[in-house]
Amino acid sequence: MGDKSGPLKRPRLPLNVKKIQTGPSLTGRMIGLIGLAVVCALFFGFFALLRYGDNFLPPENVSREIIVDIPPGATAAQVAEILHKAGVIRSTDAFMKAIKIRGYIKKNTGLKAGEHVLNPSLSVWENLSLLVKGNFKVYNITVPEGRSMREIGKSLEDAGLANASEFLALCRNHEFISSLGFHAESLEGFLFPETYAFTKNTQVKDIIKAMTNQFWKVWKKYDALAAKKGLSVNEVATLASIVEKETASPKERPIIAQVFFNRLKRKMRLQTDPTVIYGIENFDGNLTKAHLETHHPYNTYLIAGLPPGPIANPGEEAIKAVLNPSPGQYLYFVSKNDGTHHFSETLAEHNRMVNRYQKAQRGS
């Protein structure tokens with residue numbers, strides 16, 4: 001039989017079978033797109049992180065204090081400008097974003113007005129927290145023993161803590177005085193000598209309250225003794241203020257108090273220069289005979305008994321001296337020009353000592 005084989009024929013595919021795709025599949029393209037998106041996200045995230053570092057991190061590496069004064073009613077944008085100019089933050093935009101993220105604008109929680117102590121070595125977030133909490137600059141002011149309320153008001157004004165006129169007006173406001181527990185014409189004598197810490201946004205009434213609260217705190221130790229002796233708080237404060245002005249010597253305070261009590265018992269006028277001076281407006285430091293003869297409520301050369309109220313703000317030692325005077329019969333004293341006094345029981349001795357020490361002072 002002969003070979004009948006001829007050229008091979010390609011078998012035909014069934015009509016319902018499609019040719020296999022040789023290009024990239026749909027799944028492959030999706031994976032590629034996702035990968036590209038991840039790379040882009042990482043790329044942009046990296047640069048966003050760099051931007052975060054530039055805008056939100058501290059502008060300085062060294063810690064130091066910067067005092068920033070935020071005025072009342074300042075907007076968040078104004079605060080941002082103030083901080084930026086002061087060198088506390090790098091970017092006003094970053095500060096505004098931080099405020100929005102923390103929700104302070106929406107909640108209407110205040111960036112407190114006043115002098116804040118901030119630090120350029122802290123982040124935007126940390127300085128923002130200080131502003132919200134109120135990290136205010138504190139000023140220490142010392143009220144020495146024997147200062148008048150007028151002198152205290154001037155010291156507060158000089159320190160930028162209060163207006164002297166407003167301070168004095170409140171110290172003489174009867175309703176305010178009564179609210180503090182006093183029955184007096186003014187708060188003279190009750191602004192206790194002490195070192196106080198105030199911020200510049202402390203209200204004047206709160207400054208006064210701090211001083212009078214300190215007085216009541218000290219007075220609690222002597223209230224029972226004063227009542228036993230039949231002395232009111234006003235009488236003790238008045239006598240203590242005179243003792244305070246008459247001597248700076250701690251040892252002499254009880255003796256000075258003895259003199260005044262002895263004179264009061266004998267219905268003698270106190271005849272003390274500091275009370276006369278207190279009643280002289282714009283005293284120039286030179287006490288004259290004319291001053292001693294000028295009638296006013298505080299001139300104890302002309303009026304009997306105690307003056308209407310304290311002439312200064314006494315410290316605790318003066319209060320203690322009034323409630324624990326030294327025993328004795330002294331009625332007079334004269335300055336020895338060395339910070340101490342000579343005490344006498346009789347007018348004759350007193351006149352001799354006056355003559356001696358006045359001559360010594362004149363150098364004759």
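No lab work stands behind these numbers, since they all come straight from the coordinates. Given the structure is predicted, the values throughout are model-derived calculations rather than measurements. A quick note on method: Cβ atoms are made from the backbone with ideal geometry, for glycine too, and the neighbour counts reach across all protein chains shown.
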* **Spin-label model distance (nm) - Glu65 vs Lys220, 7 Å beyond Cα toward Cβ** => 3.1
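Under 11 Å from the Cβ of Pro144, count the other residues' Cβ atoms, weight Lys and Arg +1, Asp and Glu -1, and hand me the total.
Details: positive: Arg147; negative: Glu145, Glu151, Glu194, Glu244.
Local charge sum for Pro144: -3.
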* **Three-way shape label, the range 168-294, alpha-carbon gyration tensor, a/c 1.5** => oblate
* What full-extension length gain, to one decimal in nm, is calculated for Thr288 and Gln203 as 0.36 nm per residue of separation minus the Cα-Cα distance? -> 26.6 nm
* Virtual spin-label span in nm between Asp93 and Glu81, 7 Å along Cα→Cβ -> 1.8
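Going by C-beta contacts inside 10 Å, put Lys220, Lys205 in order with the fewest on the left.
Working: Lys220 9, Lys205 16.
In increasing order of surrounding Cβ atoms, one gets Lys220, Lys205.
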* Above-threshold pairs, the threshold being 28 Å between Cα atoms, out of Lys265/Lys336; Lys100/Lys137; Lys209/Lys265; Lys209/Lys251; Lys267/Lys289; Lys229/Lys251 -> Lys209/Lys265; Lys209/Lys251
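Using Cβ contacts closer than 10 Å as the measure, can you line up Phe182, Phe192 from fewest to most?
Working: Phe182 20, Phe192 23.
Least crowded to most crowded, the residues run Phe182, Phe192.
Please work out the FRET efficiency for the pair Lys133 and Asn213, using the Cβ-Cβ distance as r and a Förster radius of 25 Å; give the result to the nearest 0.05.
Details: r = 25 Å, r/R0 = 0.98.
The computed FRET efficiency comes out at 0.50.
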